[in-house]
Structures are given as structure tokens and as C-alpha cells.
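Worksheet: the structure to be examined is printed underneath.
The values are calculated or read from the model by the stated rules, or taken from the named source; none is laboratory data. No experiment lies behind these values; they were computed from the predicted model shown. Backbone-built Cβ (ideal geometry, glycine too); neighbour counts: all protein chains shown.
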Protein chains: 2
Amino acid sequence: MKPDVVRGPMPMRRCGDADARRGHPWLRRCVAVGALLVASAAGGQTGGAPLQGTAPTAASSPATTVERFTLANGLTVIVQPDRRAPTAVQMLWLRVGAMDETDAEAGVAHVLEHMMFKGTPTLAEGEYSRRIAALGGRDNAFTSRDVTVYHVQLPAARLREAMALEAERFAHNAWSVEALARELDVIREERRQRIEDVPQAQLFEQFQAAAWQVHPYRRPVIGWMSSLQGMQAQTVREFRQRWYVPGNAALVVVGDVDPQQVRRWAEATFGTIPARVVPTRTPLVEPPQRGLRRVQWHSRVPQPSLLMGWPVPGLKHPDDDHPEARDALALLLLAGVLDGHAAARLQRGLVQGQGGERLADAASAAYGLAGRGPQQFVLEATVRPGVPVERVEAALRAQIERIAREGVSDAELRRVRNQWAASEVFQRDSLFAQARELGQHWALEWPLDANERLLQRLQTITAADIQRVAARYFGDATLTVAVLLPQEDAR
Amino acid sequence: MKPDVVRGPMPMRRCGDADARRGHPWLRRCVAVGALLVASAAGGQTGGAPLQGTAPTAASSPATTVERFTLANGLTVIVQPDRRAPTAVQMLWLRVGAMDETDAEAGVAHVLEHMMFKGTPTLAEGEYSRRIAALGGRDNAFTSRDVTVYHVQLPAARLREAMALEAERFAHNAWSVEALARELDVIREERRQRIEDVPQAQLFEQFQAAAWQVHPYRRPVIGWMSSLQGMQAQTVREFRQRWYVPGNAALVVVGDVDPQQVRRWAEATFGTIPARVVPTRTPLVEPPQRGLRRVQWHSRVPQPSLLMGWPVPGLKHPDDDHPEARDALALLLLAGVLDGHAAARLQRGLVQGQGGERLADAASAAYGLAGRGPQQFVLEATVRPGVPVERVEAALRAQIERIAREGVSDAELRRVRNQWAASEVFQRDSLFAQARELGQHWALEWPLDANERLLQRLQTITAADIQRVAARYFGDATLTVAVLLPQEDAR
């Protein structure tokens, strides 16, 4: 099975089908059903994560104990036994993504992810995936702004062989300049198909480039066309040399496995990779925004659409008791009150037009909660044909203003809290989702039981907290608005 | 004399006093009087170039022959004898500036410029400037988006010693981590004083960050506060190691010198520096803009001001006969028709209010003509208190639209052409200006007689050309507007 490494920017999803049908996949964050999940992906991800083959059910799974240890070379191993089926998920997480690139090398994290499938001195191009398939498994990978992840799902009995293959390419990935040139052609075509030919993706790219002035989140994960055009083999190799070090990686295994056995296998495979220094990170800090930003984008679309975003606090740690941490949790619930189910406020107010006119064909709210970089609160709407964009913008603002003025009901608060709790149960049915969550928590340097702590903390967030954050973070001076307009609207 | 290396972003200037009194120094480009001059500086320069001590006159200087040769290690030497006084100007040009930085290392070119004054194994900190002063000279340096330049003006008889000192630090500049930490304090304070505390500079920074999405021109030459905060000694040293190579440098000498003598001295000083590879450049290409961008900035100012910019073609080479080259020359004259003297259109129409109301306290047009990166056409106005910003914006557009509709008069065209010609004569009186022009032409990879060729080509640009470019390049879909608003206007 050939790895599907040419997929476009798609956030990892943990959403129901109903959710998947609406909204734009590169923006939709499945807020309140999976905000934390996309925390480390945070808006713009390249490479698709395969979904579990089995349909998830609401049945709760037995509580299990996660084990975590560190190999002598610094590599973290996290194992969660789940014996309901004789399968296992292996994920190798690297705490490096597009945010660790410079602008000149924009896209290199994702390019490297592709090149990791191009072989080692002992594995020919494509051989990695052929062998995984021969083991009865399937593999893929994805790159986000925060992380790069390689994953395999296979019969648990063959896990050791998968680990050996993964360790082999971690340590010895090698390819020719010609192989890179071919792959860059593929990736530029991917960019054309996923960004240049998709007006909503173009809009999102424009939006992020305007909303962030300094922070690397301003750049698309896939890179700019010109950075892809000029990318040198040396740049890709140096990026790997720099960031693919054991101390910057975690192996996450979930499934029908014995933690001590996994540990021994990890020592025998990944453990032989020499330790190296994890590079110092000197983060670029986004300076305060002191004025409204508006960008337009004209394209061949039948109707306008609209993105509005504000920089807001993210959650640094689940136990963080700084007032901003409480605000972050309240913002998460605010997003859930606005959007997250068919009766949420944006849906009712703008799409169904309860109490007025139908203004939008779709409307959503998104908040990432946490990530390695700064967070945004984003409102989005697809404008109903004939409705002025300004009216939809005003209606989106009015939804926030109304909450700032009147607060939210107990029923709304309960519902959004329950959704979060339900999503926790829901995802336990998926080995893949469990592994993903463990990896994300590792990437954030959060404890492994972060979600339980979050669940508890969310219980302490009140309607007054939601009202307070609605009043606090949505001023014009920090707003960025991006509007997609039909080409004929160009003056 | 201590070198003034802590000056803020200032474009190099070749303007009269009247010009210097109005407008904002970091934006004013002395268009049509010196567009080419600022071509390589192109909007945002750090470090001030000292002006000639003697007041320039309109007297023409004798024609001289420039000589140019290349040392065995690749360093270019350009010598222009000018024997009117027993002095000389030495400039060392490096074809590296802020545009060669990545965002994470934003500001490093300028930081390195500062550190070049911090010594070598045989020159203590500050010793370079003390010795230049002891020779009867004065020295300084500046960094722009395109170039870094170190310059000395001194009695011609002491030139050899200045060359030896310059070659010494080119080859052996060295300093401690502590010296860098101290200098970074100075530079961060410089950034506070020159950008953070100057609303117009803040606006210009916001404007550039919005107008360029991908190209490094989007970043300020001085860097972001956070890139300055996190700057490592290794980053500065590697930048020097990478870019300060003989093949990427030109020594320009103008004054009472014999070219063959200068050549021998250059061989004995700079010639001993080993050749090294000039790094490959992989330029980031700005993608097409397909929608209006607006940014606001609120600050403590008594009245609003406004910047409007459009990406326009630059001139690649003086002999370039591509239609865009003709457009670039026409844009240069357009800027001169709009602004460049007290009776120019913006001044009359907006500031003096001829034929209507006085809308602005200042108004200007700027176009860089050429640079290593892409060019902009910028209109600027300081809004008269009480006048709505929108009216001033409309009035600026109307000036361009009127030219697009009605063209310009022969008298206007003649005047702006004559100004350019006069500025050519004018600058020949200054050794410094001559050296600067030679260096800029080298930086652009232009021939040494570029200005004469430009003068000839400008004679071929017609009123119809100006009308054509006014109609062509000023649409809303490529416009970026930045508005500075008094704090109380913040909603």
C-alpha cells in the first residue's frame, strides 16, 4: 500500500459525520468535540490521518494505565494497552512542524515528511510502505504547524517489525537530489490543488498571513510556492539533522501490547540511535495588534465568505491557574455555545435565521485551546447569495456581543460541557484517537492525563466566565477580517 | 570620533533641505530627485549616512573615468578619481541586507554591522574608529534591506591605512558573547526609540508587513523585538561567515586617488583575504495580490495619517527593453509629477487645497525604481485635523485617476525630467554621493554608467507612458492601505 503522503492541508478530525459534511475542512476544528485534539494541529495541516476502520460507538472502554518511559538517548516511549482487538497503533511524534521553519525554507517540515518515505541505504524508495503492508498494516504521516507524525496501524503481533522499520528511517533516511526534485513536483502540484485552486484555502492563507505578523503561524504548512520552488536538498537534510533527534521524539503505542515488551523492543530499535542535542528554540513572539486588519481576496466563487479572527490566550498547561488559563477554558466553552451542534447559536441565528433573516449558508466558530504557538478565536460564515457581506460580519459580531451582554443559559453550558465529556468517551473507542491524544499531550509537554484534568476544570467554568471572555477579547483593535469575494466584485 | 551606528531606520537621502523638512524620513524617498539613489535602500534603512560637509552647488564637475577591477579572490574594486580636494571616500559594500535574513534572525544584518565595530584579535573594541579619527577621518555604516555599507571619509594621503583597517575587520572581526549582549541592549533600545515610540514608523512597519506577504521586504530592517531578544552569537557569526566573502563585496573609492595605486593597495590589503563561495540565493517571490488590504494602527497622535501602496514593476537593468522596464521609468516620472517640488500635484491638490479644500498637512508619492527585491508605489498623507481619512484616501486616488484620464502636461514632464538631470549634476559635487551611486549600481549588478543610460532613456518616456501606467497599476485589488489613528478613535 502506497502511503498517502500527498494529501493536502487537513486538520486532524475527531468529528461526527454531520460535522464533517459542513464547513471547510482546513478551518473546521470540531470545537468542543475536539478542540484539544486539534490544539497541536491548530489550523492548517498537511497530510491526512486515516480514520479508524471500525465505526466508533459510544460504549465506554475499560480504564487502562498509560506507561511512559525515556530511553537512554532521550526518546520518550508512551504505551497504552488496549486489548479489545489484536491490533496496535504506532505513532512516532516529532516536536517539530512548520512553526520551526524559517520563511525561506517554508514547507520543509512537510517536504521532509514526504522524503521519509523515500528510503534508507537498506530500504529502497517505497519499500517502507510495502513492508508495512506485507505485515498487514497501513501507514501514513502528517505535518502540522506544531508537529510531524508518522503512524502505522497493524496486527499487534507484528509491532516489533514496524518499530524496527520506523527506527531505521528515523536514523538513516537517505535519498537522492533527483528523488527530492520529483517529490517537490508532487508537492507543488499538491499546493496548486489544495490551495491555489481552492478559494477557501486561499482565503484562509490570506487570513493567517494578515492575522499573524511575526509568528510563523502566518505561513501555510505546505509552504509558499517560491519556497517550494527553491528548496535545496541541503535544507531538507539539515532540517532532519537538526530536529530528528531522539530527545525531540516520542514513540506512542496503543493496542494489544505489553508495555514492558514494547519498552524492550524500543530499546532494541530506537534505543540504538545515538543521542544528540535538541536545538535551542528562540520563539518569535507576536507583538500586540493595535488596529483592525482587513484583507479581501477575489476568486471564482458563487458567493462571498468571511473569516474573522482575534488573538486570544491559549492554555499553557491543564493545571495552569493564571487568570488567562481560566479565560482559555471559557473561550473553549464559548466556541461550543456558538457552534458545535445543530442548535448552537451561529447555526440558529445566521443559518436557520431564527428570529430574523437567513444570512449565511454556513457559520462556525473555532478555537484551538492549546498549541505550541499563540491561539486565535475564529468566526466563519459563507454568505447567502444576495446578502451584503457587511451584514453577515455584523451578525457574527452581534452573536458575541449578545453573549457579552446577556450571558449564556445553564442549559447551553451543560450541553457544551457534556459534549466535551462525551467526546472523551467516544474517542476511547479508537486506538488511533487515543494515540493521537497521547502524542499531542506529549507535544504540548502536558501530563498524560491532561484530558481528565481538563474535564474537571471545565466543570468549574461558569456562565459568568463565558460572558466575561465574550466581553473581553473581541474588540476591533485586534480583529482581522478576511473576505472572499466573487471575481466580478473586484472594483 | 565614535561611529554613529545606533541610528534608526532612515533611508539614504539626496534631497534638499526643503524636502528634508517635510514628510517622514523613513518613507520619503526624494522621488525624481533621487529615486535611483534609494533604489537599493528601498524603504527602511538602519544606520545613518553622514552627509557631505560642504554645501553642494550646481557647478558641474569634470568628467572622470571610473575604473573597475576584480581581485583574485573575487572582490570588486571601483575607483573614481576626483581631484578637486585632497580627500577620499572609501566604501565597502556587501551585497547582503535584511532581505537575506530569515524571519527568525530578522535584524541580524544590522546587528552584524554594529558588531563590526567591536574589534578583531588585533583591534580592541572601538579601536577601529579611534584609528580612523586619528587619521583625520570619520567613519560610519548603514544597513538597508538590500545592502550593508561601511564608509570612511578621510585625507586621501591616509587612504591606504583606512583600507588596511577595513580589510582587517572584514577578515577578522571577532567579539565576545558579552559584547553582543551589550550591543543587543543598545539595538533594542534603538528599536524602541525609532519604531515603537514613533507612530509613523509603527505605521510604516504595519504597512510593509501587510503589503508584502512572502517577500522579506515585509520585515523591518532593524528586526522584530523578539528576534532581537533571542539573537544568538552563533547566528550573527554564521551570517558573517556566510555573506562576508570577497565575491560578495565591492570596495568603492572616490577622491584624490590614482586608480592603479588604489588597486595595488587593495591587492595588498583586501587581496590577502581568502576566496570563498558566494552562497546561492533562493529568492522568495511575492505571489500576486488579488484583493484590497487595510490595516489600522492606533497610537497617541494628534491627527490621522495614511499610507497607500501598490506593487509595481521595478527596473531590472537600465538597458532592459521589456515593456515593464518602460513602465518602471514612467512610474518614476509619475512620482515626480505627483511629488518632488512645491508645485507638484499632491502638494497643490491636497496640501495647498488649490481648487478645493485643504485636506492634508503633508502629502507625498514615492517609488524606488530599482532594488534587489520587488518595488512599490506609495502615496502618503498626513490628514488635516477634522478631515475624514476616507476623503483624503479618495483625494489621493483621484490624483492618480485624473492623470490616468487626462494625462500630464508637457511642462510637468519637462520639469520632472530636468529635476532628474539636475540631481545628477548636483550629486557629482559630493564624493560621498558619487561613491554611494557607484556602490548601488554594483549592488544592482548594473553598469557603472547606469545613470547616464537612465537619463537618456527617461528622455524617451512620454506623457502617454505616464498616463498609461497611471491607468494600469493602481487598482483596488492590489492596494494596501495603512491608517494611523489617534488612540481615542479606537472603537
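What do you reckon, is A:Ala464 in contact (Cβ under 8 Å) with a residue 40 or more places away in the chain, closer than 30 Å to A:Ala250 by Cβ and more than 14 Å from chain B (Cβ to nearest Cβ)?
Considered against the rule, which asks whether it is in contact (Cβ under 8 Å) with a residue 40 or more places away in the chain, closer than 30 Å to A:Ala250 by Cβ and more than 14 Å from chain B (Cβ to nearest Cβ), A:Ala464 comes out as no.
Residues are listed down the side, and each one gets a yes or a no for (1) of a type in the set (A, V, I, L, M); (2) closer than 17 Å to B:Ala435 by Cβ:
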{"site": "B:Tyr150", "(1), (2)": "no, yes"}
{"site": "B:Glu161", "(1), (2)": "no, no"}
{"site": "B:Ile187", "(1), (2)": "yes, no"}
{"site": "B:Glu196", "(1), (2)": "no, no"}
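Just a yes or no: is a residue in region A:254-277 facing chain B (nearest Cβ under 7 Å) and hydroxyl-bearing (Ser, Thr, Tyr)?
No, region A:254-277 contains no residue that is facing chain B (nearest Cβ under 7 Å) and hydroxyl-bearing (Ser, Thr, Tyr).
I'd like the residue in region B:217-229 that is touching a residue at least 60 places away in the same chain (Cβ under 8 Å) and facing chain A (nearest Cβ under 7 Å) and, out of all such residues, is nearest to A:Glu105 (Cα to Cα).
B:Ser227
Got at least one residue in region B:82-101 being surrounded by fewer than 21 Cβ atoms within 10 Å (Cβ to Cβ) and under 30 Å from B:Leu284 (Cα atoms)?
No, region B:82-101 has no match at all.
Restricted to region B:260-286, and to residues that are in a loop (DSSP other than H, G, I, E, B) and over 25 Å from the mean Cα position of the chain (by Cα), which residue is surrounded by the most Cβ atoms within 10 Å (Cβ to Cβ)?
Taking region B:260-286 as the starting set, the residues that turn out to be in a loop (DSSP other than H, G, I, E, B) are B:269, B:273-286.
Then keep just the ones that are over 25 Å from the mean Cα position of the chain (by Cα); that gives B:269, B:273-277.
Values: B:Thr269: 22, B:Ile273: 20, B:Pro274: 8, B:Ala275: 13, B:Arg276: 15, B:Val277: 10.
Of everything passing the filter in region B:260-286, B:Thr269 is surrounded by the most Cβ atoms within 10 Å (Cβ to Cβ).
Restricting to region B:472-491, what's the tally of residues that are part of a helix (DSSP H, G or I) and under 27 Å from B:Val387 (Cβ atoms)?
Summing the residues that are part of a helix (DSSP H, G or I) and under 27 Å from B:Val387 (Cβ atoms) in region B:472-491 gives 6.
Of A:Ala404, A:Ala411, A:Ala370, which residue is small (Gly, Ala, Ser), free of Cβ contacts under 8 Å to residues at least 24 places away in the same chain and either surrounded by fewer than 23 Cβ atoms within 10 Å (Cβ to Cβ) or in a loop (DSSP other than H, G, I, E, B) (or both)?
A:Ala411
Let's see how each residue does on (1) of a type in the set (S, T, N, Q); (2) more than 30 Å from A:Asn73 (Cα to Cα); (3) out of contact with any Leu (no Cβ under 7 Å at 6 or more places or on another chain):
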residue: A:Ala211; (1), (2), (3): no, yes, yes
residue: A:Arg218; (1), (2), (3): no, yes, yes
residue: A:Gln232; (1), (2), (3): yes, no, yes
residue: A:Glu238; (1), (2), (3): no, no, yes
residue: A:Val252; (1), (2), (3): no, no, no
residue: A:Arg281; (1), (2), (3): no, no, yes
residue: A:Leu284; (1), (2), (3): no, no, yes
residue: A:Pro302; (1), (2), (3): no, yes, yes
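Check region B:417-430 and report whether any residue there is within 30 Å of B:Gly247 (Cβ to Cβ), polar (S, T, N, Q) and touching a Leu at 6+ places or on another chain (Cβ under 7 Å).
No.
Going by the structure shown, is A:Ala104 within 14 Å of another protein chain (Cβ to nearest Cβ), farther than 23 Å from A:Ala174 by Cβ and within 20 Å of the chain's Cα centre (by Cα)?
no
List the number of the failed condition for A:Trp243; all other conditions in (1) buried (at least 16 other Cβ atoms within 10 Å of the Cβ); (2) more than 14 Å from chain B (Cβ to nearest Cβ); (3) within 30 Å of A:Leu154 (Cα to Cα) hold.
That leaves (2) as the condition not met.
Within region A:180-197, does at least one residue satisfy the condition of being over 25 Å from A:Pro283 (Cβ atoms), part of a loop (DSSP other than H, G, I, E, B) and within 14 Å of chain B (Cβ to nearest Cβ)?
yes
Given the conditions (1) under 23 Å from the mean Cα position of the chain (by Cα); (2) surrounded by fewer than 17 Cβ atoms within 10 Å (Cβ to Cβ); (3) in a helix (DSSP H, G or I), report the number of the one that A:Glu445 does not fulfil.
(3)
Give just the number: which of (1) over 30 Å from A:Val481 (Cβ atoms); (2) within 26 Å of the chain's Cα centre (by Cα); (3) modelled with pLDDT of 95 or more; (4) not acidic (Asp, Glu) does A:Gln234 not satisfy?
Against the list (1) over 30 Å from A:Val481 (Cβ atoms); (2) within 26 Å of the chain's Cα centre (by Cα); (3) modelled with pLDDT of 95 or more; (4) not acidic (Asp, Glu), A:Gln234 comes up short only on (2).
Working only within region A:114-144, note down all residues that are in a loop (DSSP other than H, G, I, E, B), buried (at least 16 other Cβ atoms within 10 Å of the Cβ) and small (Gly, Ala, Ser).
Within region A:114-144, A:Gly119, A:Gly137, A:Ser144 meet the criteria.
Do we have any residue at all in region A:287-309 that's away from every other protein chain (no Cβ under 14 Å), crowded, with 19+ Cβ neighbours inside 10 Å, within 20 Å of B:Ser226 (Cβ to Cβ) and touching a Pro at 6+ places or on another chain (Cβ under 8 Å)?
no
Considering region B:157-172 alone, what residues qualify as being crowded, with 17+ Cβ neighbours inside 10 Å, in contact with a strand residue (DSSP E or B) (Cβ under 6 Å, 6 or more places away or on another chain) and either closer than 18 Å to B:Leu94 by Cα or not assigned by TED's automatic domain parsing to the domain that holds B:Val253 (or both)?
B:Ala162, B:Glu166, B:Glu168, B:Arg169
Starting from region A:198-213, keep only residues that are within 10 Å of chain B (Cβ to nearest Cβ), then list their pairs with residues that are among the small types (Gly, Ala, Ser) and part of a helix (DSSP H, G or I) whose Cβ atoms are within a distance under 7 Å, requiring at least 6 positions of separation or different chains.
Listed by first residue and then by second, the contacts come to A:Ala210/B:Ala210; A:Gln213/B:Ala209.
Filter region A:247-259 for residues that are in a loop (DSSP other than H, G, I, E, B) and buried (at least 21 other Cβ atoms within 10 Å of the Cβ) and give the result.
Matches in region A:247-259: A:Val257 only.
Scan region B:471-491 for residues that are of a type outside the set (S, T, N, Q) and more than 24 Å from the chain's Cα centre (by Cα) and jot them down.
Matches in region B:471-491: B:Ala471, B:Arg472, B:Gly475, B:Asp476, B:Ala477, B:Leu485, B:Pro486, B:Glu488, B:Asp489, B:Ala490, B:Arg491.
For region A:103-139, how many residues meet the condition of being in contact with a helix residue (DSSP H, G or I) (Cβ under 9 Å, 6 or more places away or on another chain) and touching a residue at least 40 places away in the same chain (Cβ under 8 Å)?
25
Considering only region A:304-338, state which residues are charged (D, E, K, R) and in contact (Cβ under 8 Å) with a residue 60 or more places away in the chain.
A:Asp319, A:Arg326, A:Asp327
Considering only region A:455-467, I want to know if a residue exists there that is under 22 Å from the mean Cα position of the chain (by Cα) and not in a loop (DSSP other than H, G, I, E, B).
Within region A:455-467, one or more residues are under 22 Å from the mean Cα position of the chain (by Cα) and not in a loop (DSSP other than H, G, I, E, B).
Suppose we filter region B:198-236 for residues that are aromatic (Phe, Trp, Tyr) and assigned to a helix (DSSP H, G or I); how many remain?
The total comes to 3.
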